[in-house]
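What follows is a set of notes on a single structure, which appears directly below.
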Amino acid sequence: MGKQLRLDKLLADTGRWSRKEAKLLLKQGRVKVDGAVEKSGDRKVEPQLAVVTVDGEGLRWAEFRYLMLHKPGGVLTATEDRHQKTVLDLLPPDCRDLFPVGRLDKDTEGLLLLTDDGELAHHLLSPKHHVDKCYLACIEGEVDEADCAAFRSGIVLGDGTKCLPAELESLGAGKCLVTLREGKFHQVKRMLASRGKPVVGLKRLSMGTLRLDEGLKPGEFRPLTEAEETELKKL
Ligand code: URA
């Protein structure tokens, strides 16, 4: 027999409902297991075998969870911190076992993927796998062709650290796009600072095929769609 899960956990694990909302759906008789209404969240089911529906719609059960968060500024990319608010504090308690894929600085905003799929996380972060991360940077000054060429050939940071070739695109005075495939500490800020263009604001727009949903306000999150999940796994 395969792994058995509580029905309320199974509903909440889809990311569509909190555990509390799942309990309400059950109480309202909207959940069926193998064709019969089930009102108890304690009911144990085998996710791969049981046919679970909510309002008649089949549930897509997945082994792992994937959430897209629009990280706001002022929040740490960590799973816990004694003093400061972390990205996990923005999620419901049921999501406490997720972890962020990569790190954004406290003051950086934008796309942050949270998951419990360690293998995918490793894949997305390893420079070996060439997964591009694209950032919108607000800067002092304006980047020029010499800056773009320096990014293309690989910036050497003040401490001698050599960066992989990266893309830099000017968006006019005060703004540019940076695309990297690695994630060194403060990398975008340090690369632009090395060219005399300090960063005053940073937002991650994409990671591989995954783009920040502009419908999400800072602090909001949603589960990845089936298409987003499939595309990401192709990488
Ligand atoms: N580069 C930075 O400097 N900061 C981030 O948060 C992400 C990339």
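The values are calculated or read from the model by the stated rules, or taken from the named source; none is laboratory data. No experiment lies behind these values; they were computed from the predicted model shown. Positions of Cβ are generated from backbone atoms using ideal geometry, with glycine treated the same way; all protein chains shown enter the neighbour counts. In case anyone asks, the SASA skips ligands and DNA or RNA and just uses the protein heavy atoms, side chains included. Shrake-Rupley method; radii C 1.70, N 1.55, O 1.52, S 1.80 Å.
With the checklist (1) basic (Lys, Arg); (2) touching a residue at least 60 places away in the same chain (Cβ under 8 Å); (3) surrounded by 19 or more Cβ atoms within 10 Å (Cβ to Cβ); (4) more than 22 Å from residue 234 (Cα to Cα) in hand, flag the one item residue 217 doesn't pass.
Of everything listed in (1) basic (Lys, Arg); (2) touching a residue at least 60 places away in the same chain (Cβ under 8 Å); (3) surrounded by 19 or more Cβ atoms within 10 Å (Cβ to Cβ); (4) more than 22 Å from residue 234 (Cα to Cα), residue 217 misses just condition (3).
Mind listing whichever residues of region 61-87 are among the aliphatic types (A, V, I, L, M) and closer than 20 Å to residue 205 by Cα?
Selection gives 67, 68, 69, 75, 76, 78, 87.
For region 162-176, name all the residues that are within 14 Å of the ligand (Cβ to nearest atom) and open to solvent by less than 40 Å² (accessible area, probe 1.4 Å).
Matches in region 162-176: 163, 166, 168, 176.
Does residue 54 count as of a type in the set (A, V, I, L, M, F, W, C) and closer than 26 Å to residue 23 by Cβ?
Answer is yes for this residue.
Scan region 123-148 residue by residue and report those that are farther than 22 Å from residue 200 by Cα and aliphatic (A, V, I, L, M).
Passing the criteria: 124, 125, 131.
What are the residues in region 31-64 that are at pLDDT 90 or above and open to solvent by less than 20 Å² (accessible area, probe 1.4 Å), if any?
Of everything in region 31-64, those that are at pLDDT 90 or above and open to solvent by less than 20 Å² (accessible area, probe 1.4 Å) turn out to be 31, 33, 41, 45, 52, 54.
For region 99-133, how many residues meet the condition of being touching a residue at least 60 places away in the same chain (Cβ under 8 Å), open to solvent by less than 40 Å² (accessible area, probe 1.4 Å) and at negative phi?
Residues in region 99-133 being touching a residue at least 60 places away in the same chain (Cβ under 8 Å), open to solvent by less than 40 Å² (accessible area, probe 1.4 Å) and at negative phi: 12 in total.
For residue 95, work out the one condition from (1) more than 16 Å from the ligand (Cβ to nearest atom); (2) touching a strand residue (DSSP E or B) at 6+ places or on another chain (Cβ under 6 Å); (3) not polar (S, T, N, Q) it doesn't fulfil.
Residue 95 satisfies all of (1) more than 16 Å from the ligand (Cβ to nearest atom); (2) touching a strand residue (DSSP E or B) at 6+ places or on another chain (Cβ under 6 Å); (3) not polar (S, T, N, Q) except (2).
I need a count of the residues in region 65-98 that are surrounded by fewer than 17 Cβ atoms within 10 Å (Cβ to Cβ) and part of a helix (DSSP H, G or I).
2
Would a scan of region 149-167 turn up a residue that is part of a loop (DSSP other than H, G, I, E, B), among the charged types (D, E, K, R) and touching a strand residue (DSSP E or B) at 6+ places or on another chain (Cβ under 8 Å)?
No: zero hits.
Does region 134-154 contain any residue that is open to solvent by less than 70 Å² (accessible area, probe 1.4 Å) and of a type in the set (Asp, Glu)?
yes
Could you please find all residues in region 209-222 being assigned to a loop (DSSP other than H, G, I, E, B) and either within 15 Å of the ligand (Cβ to nearest atom) or more than 25 Å from residue 128 (Cβ to Cβ) (or both)?
212, 213, 214, 215, 216, 217, 218, 219, 220
With the requirement that a residue be closer than 16 Å to residue 124 by Cβ and away from the ligand (no atom under 11 Å from the Cβ), what does region 180-206 give you?
Across region 180-206, the qualifying residues are 181, 205, 206.
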